[in-house]
Amino acid sequence: MPAEQVCAPASGHVDVAIVGAGPVGAALACGLQDLGLEAVVLEARVRLEGPDPRAIALSEGSRLILQRLGVWDELGPHATPIESIHVSQRGSFGRAELTARDMAVPALGYVAQYGDLHGSLVRRMRACDARVLTGARVMAAGATTAYGMVRFLREGKEELLTARLVVLSEGGKGLPAAQRQDKDYGQAALVCTVTTSRPHDHKAYERFTPEGPIALLPLGGAYALIWTTPAQQVEARLALDDREFLQQLQAAFGDRQGRFLRAGPRAAFPLRLSLTHARHSPRLLRIGNAAHVLHPVAGQGFNLGLRDAWRLAEALADLPRERLGMVDMREYDHRRRADILGGSIMTDLLVTGFSNDWPILRQFRGLALAALDLASPLKTLFTRKMMFGARTW
Ligand SMILES: Cc1cc2nc3c(=O)[nH]c(=O)nc-3n(C[C@H](O)[C@H](O)[C@H](O)COP(=O)(O)OP(=O)(O)OC[C@H]3O[C@@H](n4cnc5c(N)ncnc54)[C@H](O)[C@@H]3O)c2cc1C
């Protein structure tokens, strides 16, 4: 039955209430299947699936999780493997190349259209009979020692749902957090597809420029471009005609991949770092972007959020139902904290350390990239962390 027709109790009590059916909330709903828990997903949008211009780089670790969730069989054929990643900085020496061959794996990661990824998760969520309430905008969420609760608006009516555990996966925009640390990068990610005169051969690029990183991710027969642009220049760059846009891109990226030939429709996303402290109480948790928003450099955000959802489902599987929301989640939180801090520090260092033209830093970066390329144990460790997260050794 389509999710839009599945009715959860309008007001009532459930084991787990998940707020937000984005890719992370949907992944959690899939992960809870077979646990024998009564779960409800509350989603503000009326239609779950819709277009989104982003392409998402999925790590090998995420592929394994999506496989276990029963999502990869549908998504895999639409995803493009990344066999190598070329990292460099414009106008200076130093480069590093990470390859799947060095790691003895078929691919370092995969690139999927955001819509394909989300659509596969939503269809899987429906297939495992998750109860989804669409058009339900949560206005407030909280917890007492006895229960968690969400107050939501649906079809103009305010309703209340209590749950043993409330999980916020609303993307960090919908609900206020008590303690949130925000950093505005003053940048936006300009995204579109581009074609190049040379075939991509499954090679991805991360090129650092003083303005910010430019990423090219192989996607089908083209590249997905993520061009970090100073916020004050975004509108002008969005308004360029294709010829001028491609010229500017060529000047910023260089000709390592040949000539840029065509560009698809462009969109832009503002970029910030946002971390929520006190992420958990026994009855109220945040996962995905509701807990952490990262710069897209190195493609970490969704991968981190998926690991949140997967680890949480694992932790809940080990709890007797009646203890749900009564034991503190210190172990879960401790394990996730290292991964989240590792990912956010790494992306923040890459953005701030590489988005400038200071000569000393440029030399240092060149040396760091050269060392990464030459020192095989360092390269293996770095690549493993990109593939499986900061807690991996
Ligand atoms: C340009 C760009 C490129 C990126 N590239 C990558 C990449 O390559 N790899 C990677 O891993 N990550 C990447 N990311 C990050 C990734 O897109 C996010 O981490 C991911 O989409 C977060 O998913 P989420 O489910 O946590 O939140 P969201 O996708 O924001 O979903 C939240 C859901 O909650 C719903 N909602 C919101 N408020 C309420 C409310 N009050 N009540 C009920 N429902 C509500 C929303 O409608 C939505 O459906 C990129 C991000 C950007 C901007």
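At a glance:
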| read-out | value |
| --- | --- |
| Relative contact order of the range 243-351, defined on C-alpha pairs under 8 angstrom at six or more residues apart (%) | 26 |
| Gyration tensor over alpha-carbon atoms, the chain, equivalent ellipsoid semi-axes in Å | 38, 22, 20 |
| Computed P(r) (all Cα pairs; the range 12-97; 10 Å bins; percent) | 13, 33, 29, 15, 8, 2, 0 |
| Kirkwood-based Rg to Rh ratio, the range 163-289, C-alpha trace | 1.11 |
| Structure-based [θ]222 nm, the chain - -39500 (n - 2.57) summed over DSSP H runs of at least 4, per residue, nearest 500 | -10500 deg cm²/dmol |
| Bridge type composition, the chain - antiparallel percent by DSSP, nearest 5 | 70 |
| Formal net charge of residues neighbouring Leu32 (Cβ-Cβ distance under 10 Å; K, R +1; D, E -1) | -3 |
| Kirkwood hydrodynamic radius (C-alpha pairs) into Stokes-Einstein, the range 49-135, 20 °C and 1.002 mPa s, D in µm²/s | 145 |
| Charge context of His86, other residues only, Cβ under 9 angstrom, K/R +1, D/E -1 | +2 |
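No lab work stands behind these numbers, since they all come straight from the coordinates. Here the structure is a predicted model, which is why all the values come from computation and not from measurement. Glycine also receives a Cβ, built like all others from the backbone with ideal geometry; neighbour counts cover every protein chain displayed.
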